[in-house]
Amino acid sequence: MNPAPGVIGALGGDYRQWRALVRALIQVGFRSSLSTEQMTQQGKRTRLVSWMTGIFLGIVGVYVGAMTAFATGPFTVGLFALTTVSIAVFFLLLANFQAVAISPMDYRALGHRPVSPRTYLLVRLTVTLAHQGINTGLIVGPSVVICGVRFGWLAAIGLALAAGLLLLSIVLALIGIYAWLIEKVGASRLGRAMAYSQLFLGAVYLVPVLFMDELTPYLRSMEGLAPEGWWLALPSAWFAGLASLIGGAGGTGQWLCAALALGAPVALGWASRDRLSLASAQKLDESVSVDTDRQSKRRRRAGKRKRLGRLSVASGLIRGQFRHDTQFRMSVFGLVPLVAFYFILAMRNTGSVDPFVPGSSVWPLFGFHFALLLAPTMLLEQLYWSTSYRAGWIFFSTPVDRARVAADARHCVTLYFVVPFLALAAACLAWLFEAVWHALAHVVLVGLLGVFLMQASQYLWPRLPFTMRPVQSRQTRLLSAQMVGLSLMSVLIGPYASFAYPRPAWAIGTFAVVASGVVLMETRLPRRLNRRLRWLEAEG
Amino acid sequence: MGAMIEARGLSKSYGELLAVDGLDLSVEAGEILGFLGPNGAGKTTTVKMLTGMIQPASGRARICGIDVSRDPVAAKQCLGYVPESGALYESLSAAEFLRMIGSLYGMRRADADRRADRFLELFGILDARDRLISGFSKGMKQKVLISAALLSNPQALFLDEPLNGLDPNAALVVKTLLRELADQGRAILFCSHILDVIERICTRVVIIHEGRQVAGGAPEQIAAEHGVETLEDAFVQLTGVRDTEAVARELLVAVQ
């Protein structure tokens, strides 16, 4: 017997509508937005990227499983695995906020249909859970198996259940926050409020990551953890406590955690039950079309700014999108806490991490390298996706030099973002290394690698700025695929630098090779962009 | 019969811009009301308020006697809407999209499929039923939108530029269909800038300008009231700010 009609009915939704919309929106999410002809051409690449995402999350899952293999109790296993899940899911949802709370497309297609707010909330919830459930399963799966082998199958079932409830709570919390903002904040301020909320939520995202740092030593020692003290401040500990309770432990801490873990989704569901409706998307649309006074003042100010030669077209476009495209602004703001986190993690380290000094421990620099490589690559990626993608016709129907527009967009990212970012990184590293020249040299090398990666991304997949229709699954897959490559690269940079820097010939050779790579790519790119972009078709 | 579509004192603002200002409107069963106005007059905003897509700041909208603000789901159950621009999930095929729409109105899957196929066949795009909508031409997308609006056999129809992108044959089919639907007792609100189409198929016309109704009645009655021969002349007189021929001449100079 299918329990779904009863459950959906009990939650106040219309089962038939729920089923039809879930089926359709999952298809919409997973399918590429390209035309049939384009899909045929792009199919192989899409499949490859999907596989890479699966492999990446699978590797994370195996790593988490391996880390927890010698933990002394199901609570410790659950805490580590579920904290990892919460970080990954939170990050992926923040990167695609429109898939969680609202989708303007839903409003346009369904706003006049007889769909109640409750049914719509259940649909959005289910679709998001379906997308993120796969990711959660990949991350927590190996830990569930380990839990089963070491502590019995009840503990494994408990962990799987706890992972599901945690995922549900995260999704409900984000839906609640965004829907509350849309409801409470006026249309004229909504765009800004959404962007700042992204910044705030990004900072919240850092909290469990810092707990992870504290948690790791417990995995290596035989000392077991219990659900008590400061651990209870970490929501993933509540769900780990529930897993531990189902697994057989019956302390006060476990019971308290179980109550919190079961109460969290109920409370969050209650809080957001009638908040989200199709009208939410309409209000977000409105937020873009008002506030004309402020915009005209900004235009006047912008007119006084010094132009940067031929970059002005691309930089004007990027600045304009940043001001008016809420999704773009939120993606950029979402990067700030991520970068800050990796910086803070590296700065918290004590002891020498200077790769110029033989015998230094360079592993803590991983996060630094990751941030330096990830941020520009992600920012460049965000430049392509926009809800205003239809305006891209301008690049396709005017005699504009498309290769130059694409290259200028990358140069803007380098000039406005990478250079200031590197200066900040150099200052931090100078403090950490206690040697300014060492810091400068290392930052220049990693910065050049970052520039090379942006060039490589453009070489492999040339696109024009703000011309791609944002599709959650495509963006998530690309993001995950990029993270695989960047993680590997970030891990390798440290050991290689500590090997090469103390040897002058190797050091000079390394700089020469990377710099030559950048120069060579810069000279080769225009031809490639010209050739490929000439045949690019508008996605509108 | 009573009014199937009714608006009383509808108002809506966007920031400081008053888009619709106390608009009264009613469409009886069997009537096709032409809803006219220059760009930005508030036509689409009015239609969105009537279809429950946005909330009016004040006033009341009723569809088939049901208050749209009080019971939006029941009101939406009796209306069909063809919006002005793309309101389609383009990553779905036409058959999948129409099946989904049918389910939203409580139709059985087999019934929805059967009706959808019939519409697609009559519009001449049955061969494309399993192709993704993203690969459709503008006219084909419009045919899917019209099919989606008619799928649930609604009593009140809202059509915002429904002939956009349609070839002359398909446009003729739609115009004839609208007259037949009205004859069977449906109420139709028809927004368009093509005045000769409005004159030919609408029983009554309402002209709005800057959010307010400036004229209403049969097309010939409006023309007569303003001392001109055609609805187009009356429209220009009521909503035009400058001499159209002079503007065209100035534009020509600007082009050259």
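The values are calculated or read from the model by the stated rules, or taken from the named source; none is laboratory data. Note that the structure is predicted; figures quoted are calculated from it, not measured. Counting neighbours? That spans all protein chains shown, and the Cβs are built from the backbone with ideal geometry, glycine included.
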Query raised in the report: Within segment B:46-66, which residues are farther than 13 Å from B:Leu159 by Cα, among the polar types (S, T, N, Q) and within 12 Å of chain A (Cβ to nearest Cβ)?
Result: B:Gln55
Query raised in the report: Just for segment B:86-99: of the residues that are under 22 Å from the mean Cα position of the chain (by Cα) and at pLDDT 90 or above, which one is farthest from the other protein chains (Cβ to nearest Cβ)?
Result: B:Ala94
Report task. Say whether the condition of being assigned to a helix (DSSP H, G or I) and either over 23 Å from the mean Cα position of the chain (by Cα) or more than 18 Å from A:Ser457 (Cα to Cα) (or both) is met by at least one residue in segment A:373-390. Result -> yes
Report task. Hey, can you tell me all the residues within segment B:149-170 that are over 14 Å from B:Ser85 (Cα atoms) and touching a residue at least 12 places away in the same chain (Cβ under 8 Å)? Result -> B:Leu150, B:Leu151, B:Ser152, B:Pro154, B:Gln155, B:Ala156, B:Leu157, B:Asp167, B:Ala170
**Report entry** Selected residue [under 29 Å from the mean Cα position of the chain (by Cα), at pLDDT 70 or above and among the β-branched types (Val, Ile, Thr)] from A:Val288, A:Val266, A:Val209
**Finding:** A:Val266
Requested in this report: Name the residue, out of A:Arg275, A:Arg294, that is modelled with pLDDT under 75, within 14 Å of chain B (Cβ to nearest Cβ) and within 30 Å of B:Met49 (Cβ to Cβ).
Outcome: A:Arg294
**Report entry** Matching residues, segment A:242-253, being closer than 15 Å to A:Gly152 by Cβ and surrounded by fewer than 24 Cβ atoms within 10 Å (Cβ to Cβ)
**Finding:** A:Ile246, A:Gly248, A:Ala249, A:Gly250
Query raised in the report: Given the structure, is B:Arg179 charged (D, E, K, R) and surrounded by 13 or more Cβ atoms within 10 Å (Cβ to Cβ)?
Result: yes
Query raised in the report: So A:Val357 clears everything in (1) outside any helix (DSSP H, G or I); (2) at pLDDT below 65 except one condition, right? Which one?
Result: (2)
**Report entry** helices (runs of 4 or more DSSP H) enclosed by segment A:1-106 - at least 3 residues per element that are modelled with pLDDT under 80 and within 20 Å of A:Leu166 (Cα to Cα)
**Finding:** A:74-95, A:97-100
Report task. Specify the residue that is surrounded by the most Cβ atoms within 10 Å (Cβ to Cβ); the eligible residues are those in segment B:1-51 that are free of Cβ contacts under 8 Å to residues at least 60 places away in the same chain and in a loop (DSSP other than H, G, I, E, B). Result -> B:Gly15
**Report entry** Number of the exception - B:Ala223 against (1) surrounded by 14 or more Cβ atoms within 10 Å (Cβ to Cβ); (2) in a loop (DSSP other than H, G, I, E, B); (3) among the small types (Gly, Ala, Ser)
**Finding:** (2)
